[in-house]
Structures are given as C-alpha cells and as structure tokens.
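Report on the following structure.
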Amino acid sequence: MPLLRLAFKTLTLCSVLLISQLCPAQNNDTDAVDRDYAAELPRIKPVEAKDALGTFTIADGFRVEQVAAEPNVVDPIAMAFDENGRLFVVEMRDYSEDDTLNLGRIRLLEDTDGDGAFDKSDIYAEGLSWPTALTCYDGGLFVGAAPDIYYLKDTDGDNRADVKRTVFTGFGRSNVQGLINTFKWGLDNRIHGATSSSGAEVTRVGDGETGRQGDKETGVSNSKINATNSSPPLPLSSSPPLSLRGRDFAIEPRTMTMQATSGGGQHGLSFNQWGDKFVCSNSNHAQYVQFEDRYVARNPYFAAPGPRASIAADGPQADVFRTSPVEPWRIVRTRLRAKGIVPGVVEGGGKPAGYFTGATGITIFRGTGWPSEFQGWAVVGDVGSNLVHRKKIEEDGASYVARRVDEKSELLSSNDIWFRPAQFANAPDGALYIADMYRETIEHPLSLPPVIKKHLDLTSGRDRGRIYRIVSEDFKQPPLPRLGEASTEMLVTTLDNPNGWHRETASRLLYERQDRSAIPLLESLVRSSDTPEGRIHSLYVLDGLGALSPEIILHATRDDHPRVREHAVRLSERVATSSAQVRERLYSMVDDDAFRVRYQLAFTLGELSGPRRNAALVSLIGRDGAKGLMQVAVMSSLAEGAGDVLAELAQDANVRRSKVARSYITSLAAQIGKQQRS
C-alpha cells in the first residue's frame, strides 16, 4: 500500500507539471477583466470508466468497486434502494443552467445475477427539471424536483412510471446548489428532507389538482387515514403555505401531511442508529441538529439558540488532502479575487484549494460491509476536491464532536478532477455507495466571473457518471434482499438486523402494510430484542400502528440501554397525559444515570403541567443546569409554570449561591416580565 500511495502521489505531481506546461507563465501584473485567459484555462479530459479505478487512493483495509457507469447511468446525484435491492438514481443532466430543458431523469438499476454490479438499466421517469431527491414508498417513489415533490409509480411492471402526481409544491429554485434534497426514512415513520438554502413556501396539492406540468391524476390518494402520530395537515393550495426558511421538513406519507423540522443544511442529511440528525453545508462539513424546533416553539418568551451546531474538531472549513491537481480556473479566480479584480470571498488565506469548499452528502455509516468499529462514523464528500472524507463521531454531552481519523490523507481520493462524489447511501449489501456525478466543472455559475466562465463548458460530462461502493478488503457479496416478499413475522425479526438498511426498510414496510398481527410480535421484540436498535425500531413501528401502550412505554423506560430509555421518554408524550403511571415514572427519571435521558426528559416534561412537573424541572436544574443545552430544554418546557419554578429556586439559599441557578432565575424573571402575568 505505501508503494501504491507513492505511485499515486507521483501521478498527481505529473498532472500538476502537465497543467503547468499547458498553462505557460503569464505576467500576473496584467490581470484584468478584459484579458484573455485561454492559455491559463485548458480543458481537462475525462478518464474512461474502464480506467477509473486506477485513479483512486483508498485507506488501508478498504477497496473501491465500480458498480455502474455510463451509459447505464449519467450524472447521478441521489440514490435509493427499494425493498428488493433495486437502485433508483436521480440523474441531474440539466445541471447547472439548463433547467428549462427538462433533462432530468430517474434511472432504475438492477443486479440480475447477484454479482454486486448493476447490469440492467431502465429509464423510470424523465422530463424533470433539476431533480435532486428521491425515496421509495409503497411500491413507488417520492421525487423532489423544485418547486415540486412528485409521487411516481410503475403499475404495469414495465420498469417505467405510468403514474406521476404532484403532491407538494412551493420549494425554491433560486440556487442550483441549494435545492430540496436527501429524502430519508426516519425512525418516526416519516420521510425527512432537506429544504436547503433556496427555502420554500409549501402547499399541499389536493385531490383533483395538478402540478405545474399537468401531471397524471392516478395512483396515490391524499385522503386522510387515521394515524396516531400524524401532524395537522399541511394546507391545500388555497390556504397559507408552510414557510421553510432555515428549516427542513418531514412528510407523513399515509396522510400526505408535512411539518417543519430542525435542520437547515445545504446538501446532505443523515440519521445515526439512534435517530440523531446530521447535516452539512459547502464550507461547514459536519453539523449536528441538537434539538427539535417543535420544543422551543412552545415557549415564545425564551430566545433559544439555533439547533444546528458545527461539530468538527478541526473546524467547519477543515483541511482536506486531495490527490488531484487544482483546477486551473480555481487558481485564476483566487488570484483575481485576491486582487479585487472580480468579486468574491477570498477563502483559505488566499489558497485556491486544500480545504472544504464543496462539502456534500454527509452520511452516517450504518452498514455491515465494513468492520463493526466504523458503525456510526460520518462520511462526507467534497465535490470540489475530488475526495471522500470520514470522521469518527463521539458523544459530547447533548451533542457530538467529529474527529479526523486519516492523517494527511482521506478515506478515498482521486487524481481525476472529474470525480464528483455528490451523495452516498447505506446499502442492502452493507457497503457505502457513492454517486459520482462525474463532471469537468462543478461550481455555481454566478461564482464564475465571465472572464473565466467563457472558457469553461458547464455541460461537460452530461453523458457520463459512475456509481461506486466502498467495502472492506475481506468483503464477500451477500445474497440480494427480497424484503418485499417477506412475511410480517420476518419483517419484525429484521428489525434486529445488524445492517442499518435492513432495519430501516423493514420498519418502512411494516408501516406501509399496517398489519396489526405484527403488534404482539413487536411488543415481544421490545422486551426481548438482542439489540437496542431493534428495541427502538419496535417502539416506533408500534407507534406507527397506533398500538403504543402505556405498559410498553413503562417497560422501555426501564431498559438497560440509555438510548432505549431516551426514546421511551420521547414516545411517552403520546400517552403521558392519559396515564398516571407514565407520568409518575417520568417524574422519577430525574435520577436516571444517563445525561441524554435527563436531557430528553427536560423537553418531554413540557408536555405536562402542574406542581410535580415543576418540581422535576427544578431537580434537573439542580443536577444538570450547567451542562450543555439543558437550559434550552428546561426553558422550552416553561411556557407556563415559570413563576412557580422561579419561586422554588429563589427560596433555596443553596441554590441562590449557585451561579448557574442565578442564570435560570434571571431568565425566568425576564420571561415573566414579558408575559406580564402577575
């Protein structure tokens, strides 16, 4: 491996020397907006798909495999596996300025012989403008192509969607690199998506209405179906829209309702095995969503911080170690910006590269195709630096810290500047899949000065694209899954599967089927599952079936694993107001051994009221008031009861001597003043 790395470094140096020969020395003193930079901006040729694996450097213990390439797939930027292991891919062929041509497509790839490579390719849908997101549901797909979210379905088995309905509309299109993206199935039986920087004013398209492209009105019904965890329906297009500015969203697909959620990243969204949410942005590659907006919205008198926090120990715009030469246009643009000849931020102290500028697709690895110690690590691409970066995620109170693990190298890098890792997926085979858009240039058109842009072709690569997977060196291809054919009993058993894709897909299928014969099986799994992940999934599937009983909640609050107890506390909000036993159990959990359980408890107590609730919050202040985000959690729960908690804190002389307690007293007094309730 050291010799291989040396060979790649030598190849990279040769590439740099080649570009220097292509770009003869210029008199930089003559830089100007009317100068011809053709000599400094040569076109870079692609590497053919058959030779692409030779461009990569990969960390010890892993190997990279090509599973699809042009012409079977082009411009892939998002992926979703269905329950039988078929791979649906978004092809954004109209990036970056050709949105009016409706070149976007959904591709369906199949591995018919089980060897791990996709040998069958069909165009499932086409005629889309800037498609960027998709996920599987009920035999079809939800697809995001701003301003719309569609539901597509193939009802006659020809691998081509014959149903296309617009179900939501109103997502912004102001930034080609800030569009709706990354649909993920969550623990809570909802489809979560990233709104991104273009924002949205969303309305639900009702029965009988059509989207802007005259979609076919068959297939999915918008009729309301009873579901215990459904949110109020998003208004139809005749009502005020749901505003998503700096927030993400979640869709409850059976009722076709949408709620705003905490988030606000750019391109990429992922959950770990505990349901915690991570996002990223161009120059802030690892962020954690520390709490849900719905909690802090309960108390309008408390100014909470934003829920999204940068967690990278080496900083948001951390160093990256590319093995590719720096694109000539980056070098020229940085020089012109530094001189003030063209507008734009001079990043990296004037360096054109070597740090995160195009972070994308953050994904928490949850597969079995790598050694088990890598479960829960974060993977994020940098499309501008042609690499895949990884970080170890460590708990830090109510938050996390993400630490670099590769010393002056990356998990995967390519010396080919066309390699553009835009998105990732945890897969049925336990591997990490990479959607490589494979473009000569990835950059927002408005960030390219005309003096540079006229020498580039922003469509170059529209006919190319690759999909790779990263596996451990000893990986062996497993059989293809057929969960679509699995019995209800088998799906319940699959909730205990060590591979994250299997657990997530089984949860989704159980929710889709709404088979109540699963209830006793799920209750048994809550009590006897070998894994905390299996017990958590069982709780949420029960919730999705409207069958989460106080007895099961009480059992789960006494689970040996703190993460199970944490989720039991959160789910207790469904039944606590009607169950005295559950309320008493919650009040006693102020003494739970795990801080994350007590942190969640502080939020959940806001769903209750009364002296016992107030006393429990006072206890949490006394024990954890100085820790992390506990003040946010406590204050979110005190839209009412602030006076009682203030009185109890102020009457205790020991508490009054505490600097932390005095900060709570100050916040409570300020809130009471705003409320003007004597």
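The values are calculated or read from the model by the stated rules, or taken from the named source; none is laboratory data. Since this is a predicted model, take the numbers as computed values, not measurements. Every residue, glycine among them, receives a Cβ derived from its backbone with ideal geometry; neighbour counts consider all protein chains shown. The accessibility values were calculated without ligands, DNA or RNA, using every heavy atom of the protein model including side chains. Shrake-Rupley method; radii C 1.70, N 1.55, O 1.52, S 1.80 Å.
For the residues 112, 155, the requirement of being in contact (Cβ under 8 Å) with a residue 40 or more places away in the chain and β-branched (Val, Ile, Thr) singles out 155. When the residues of region 191-221 are filtered to those that are modelled with pLDDT of 95 or more and part of a loop (DSSP other than H, G, I, E, B), the one that is nearest to residue 243 (Cα to Cα) is 199. Just checking, how many residues over region 70-82 are assigned to a loop (DSSP other than H, G, I, E, B) and touching a strand residue (DSSP E or B) at 6+ places or on another chain (Cβ under 7 Å)? Counting residues in region 70-82 that are assigned to a loop (DSSP other than H, G, I, E, B) and touching a strand residue (DSSP E or B) at 6+ places or on another chain (Cβ under 7 Å) gives 5. Yes or no: residue 248 crowded, with 20+ Cβ neighbours inside 10 Å, modelled with pLDDT under 95 and either under 26 Å from residue 130 (Cα atoms) or not β-branched (Val, Ile, Thr) (or both)? Spelling it out, it is not the case that residue 248 is crowded, with 20+ Cβ neighbours inside 10 Å, modelled with pLDDT under 95 and either under 26 Å from residue 130 (Cα atoms) or not β-branched (Val, Ile, Thr) (or both). Being within 27 Å of residue 178 (Cβ to Cβ) and part of a strand (DSSP E or B) is the filter here; which residues of region 141-157 pass it? Scanning region 141-157 gives 141, 142, 143, 144, 145, 148, 149, 150, 151, 152. Within the bounds of region 133-147, is there any residue that is open to solvent by 20 Å² or more (accessible area, probe 1.4 Å), under 22 Å from residue 367 (Cβ atoms), at pLDDT 95 or above and not hydroxyl-bearing (Ser, Thr, Tyr)? Checked region 133-147: no residue is open to solvent by 20 Å² or more (accessible area, probe 1.4 Å), under 22 Å from residue 367 (Cβ atoms), at pLDDT 95 or above and not hydroxyl-bearing (Ser, Thr, Tyr). Residue count for region 618-641 under the criterion of being out of contact with any Lys or Arg (no Cβ under 8 Å at 6 or more places or on another chain) and free of Cβ contacts under 8 Å to residues at least 40 places away in the same chain: the result is 8. Of the helices (runs of 4 or more DSSP H) entirely within region 587-666, those holding at least 3 residues that are among the small types (Gly, Ala, Ser) and more than 37 Å from the chain's Cα centre (by Cα) occupy 642-650. Scanning region 626-678 for residues that are among the acidic types (Asp, Glu), farther than 23 Å from residue 307 by Cα and either modelled with pLDDT of 90 or more or touching a Leu at 6+ places or on another chain (Cβ under 9 Å) (or both) returns 644, 648.
Scanning region 334-347 for residues that are touching a helix residue (DSSP H, G or I) at 6+ places or on another chain (Cβ under 8 Å), without any contact (Cβ under 8 Å) to a residue 40 or more places away in the chain and not in a loop (DSSP other than H, G, I, E, B) yields a total of 2.
Put simply, of 94, 111 the only residue that is acidic (Asp, Glu), in contact with a strand residue (DSSP E or B) (Cβ under 9 Å, 6 or more places away or on another chain) and within 27 Å of residue 192 (Cβ to Cβ) is 94. Filtered by the rule that a residue be of a type in the set (A, V, I, L, M) and more than 16 Å from the chain's Cα centre (by Cα), region 298-311 gives 303, 304. When the criteria are applied in full, residue 188 fails the requirement of being open to solvent by less than 60 Å² (accessible area, probe 1.4 Å), part of a loop (DSSP other than H, G, I, E, B), modelled with pLDDT under 95 and among the charged types (D, E, K, R). Residue 160 fulfils the conditions (1) surrounded by 20 or more Cβ atoms within 10 Å (Cβ to Cβ); (2) farther than 20 Å from residue 101 by Cα; (3) at pLDDT 95 or above except for a single criterion, (1).
Reported count of residues in region 361-409, each being open to solvent by less than 10 Å² (accessible area, probe 1.4 Å), in contact with a strand residue (DSSP E or B) (Cβ under 7 Å, 6 or more places away or on another chain), closer than 18 Å to residue 284 by Cβ and not aliphatic (A, V, I, L, M), is 6.
Filtering 545, 586, 608 for residues that are more than 26 Å from residue 296 (Cα to Cα) and either modelled with pLDDT of 95 or more or touching a Phe, Trp or Tyr at 6+ places or on another chain (Cβ under 7 Å) (or both) leaves a single hit, 545. There is no residue in region 222-245 that is modelled with pLDDT of 95 or more, open to solvent by 30 Å² or more (accessible area, probe 1.4 Å), farther than 21 Å from residue 137 by Cα and touching a helix residue (DSSP H, G or I) at 6+ places or on another chain (Cβ under 8 Å). The residues on offer are 491, 448, 510, 456, and the sole one that is more than 28 Å from residue 108 (Cβ to Cβ), open to solvent by less than 20 Å² (accessible area, probe 1.4 Å) and not aromatic (Phe, Trp, Tyr) is 448.
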